[in-house]
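The values are calculated or read from the model by the stated rules, or taken from the named source; none is laboratory data. Please read all numbers here as calculations on a predicted model, not as lab measurements. Note: ideal-geometry Cβ built from the backbone for every residue, glycine included; neighbour counts use all protein chains shown.
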């Protein structure tokens, strides 16, 4: 049975994933751009997104992968875990929604939003272990996306990044990650239009911690790539 991504059949995905290991930087980055477009189409995940997570985790945790791709792969995993929409079997989009109590409403199966996030959470410890001594923005982005998977030996590293000189956006992202880890989103300020983007509407009843995680991710992304983005 054919697997579909956000642009149609995902038959090209294995070749694109292999291209991330190419010796030519241009080939690597072109492949990554295409992968991101197909696996996270307009903030929407699909069956192919879920299926690709284990392969992306291996790439994100490997020092054999060029740093220009490895960090972007980790940002992509974090973004997939934070995705706001998922494709249905009919190719329509289903959105994350919450009731007045802040509880997430169920979605029709197959729920690629939940399955993709769970897959990223399952693979995240391997990446955290690989980056345990690196003060890099992609680690903070992943920590914001799945704070419940952040191992104790990495928490101290993220806390140190709060006080990095000359890195205001990364420091803010690290502070959010630590607050999410401590389950204290009341400490967070979630109204940051410069980072969230003009015109971005917060969904009704969206929990504060979800908004904070998205904000932390965007701070980390901006600290690494500015307005250009990672792909």
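Of all residues in segment 1-31, those satisfying the criterion of being in contact with a helix residue (DSSP H, G or I) (Cβ under 8 Å, 6 or more places away or on another chain) and either buried (at least 18 other Cβ atoms within 10 Å of the Cβ) or in a strand (DSSP E or B) (or both) are 4, 5, 6, 10, 13, 16, 17, 19, 20, 28, 29, 31. Of the residues making up segment 174-231, those that are in a helix (DSSP H, G or I), over 22 Å from residue 85 (Cβ atoms) and modelled with pLDDT under 85 are 185, 186, 187, 194. Taken over segment 74-90, the criterion of being touching a residue at least 60 places away in the same chain (Cβ under 8 Å) and part of a helix (DSSP H, G or I) is satisfied by 74, 75, 76, 77, 78, 79, 81.
Within segment 108-118, the presence of a residue that is under 23 Å from residue 219 (Cβ atoms), at pLDDT 95 or above and assigned to a loop (DSSP other than H, G, I, E, B) is excluded. Residue 68 meets the conditions (1) within 16 Å of residue 7 (Cβ to Cβ); (2) in a helix (DSSP H, G or I); (3) modelled with pLDDT under 95 in every case but one. The failed one is (1). Going by what's in this entry, would residue 86 be described as over 25 Å from residue 202 (Cβ atoms) and modelled with pLDDT of 95 or more? No.
For residue 131, indicate whether it is buried (at least 17 other Cβ atoms within 10 Å of the Cβ), within 18 Å of residue 71 (Cβ to Cβ), more than 18 Å from the chain's Cα centre (by Cα) and modelled with pLDDT of 90 or more. For residue 131, the condition - buried (at least 17 other Cβ atoms within 10 Å of the Cβ), within 18 Å of residue 71 (Cβ to Cβ), more than 18 Å from the chain's Cα centre (by Cα) and modelled with pLDDT of 90 or more - is not met. For segment 32-57, the set of residues classified as without any contact (Cβ under 8 Å) to a residue 60 or more places away in the chain, closer than 23 Å to residue 11 by Cβ and surrounded by fewer than 20 Cβ atoms within 10 Å (Cβ to Cβ) consists of 34, 41, 42, 51, 55, listed by residue number. Taking the criterion of being part of a helix (DSSP H, G or I) and either over 23 Å from residue 121 (Cα atoms) or in contact with a strand residue (DSSP E or B) (Cβ under 8 Å, 6 or more places away or on another chain) (or both), the residues of segment 35-60 that qualify are 38, 39, 47, 48, 49. Going by the conditions given, is residue 102 surrounded by fewer than 16 Cβ atoms within 10 Å (Cβ to Cβ), in contact with a helix residue (DSSP H, G or I) (Cβ under 9 Å, 6 or more places away or on another chain), touching a residue at least 40 places away in the same chain (Cβ under 8 Å) and not in a helix (DSSP H, G or I)? Considered against the rule, which asks whether it is surrounded by fewer than 16 Cβ atoms within 10 Å (Cβ to Cβ), in contact with a helix residue (DSSP H, G or I) (Cβ under 9 Å, 6 or more places away or on another chain), touching a residue at least 40 places away in the same chain (Cβ under 8 Å) and not in a helix (DSSP H, G or I), residue 102 comes out as yes. When restricted to residues that are surrounded by 11 or more Cβ atoms within 10 Å (Cβ to Cβ) and either closer than 13 Å to residue 136 by Cβ or out of contact with any helix residue (DSSP H, G or I) (no Cβ under 9 Å at 6 or more places or on another chain) (or both), segment 157-176 contains 9.
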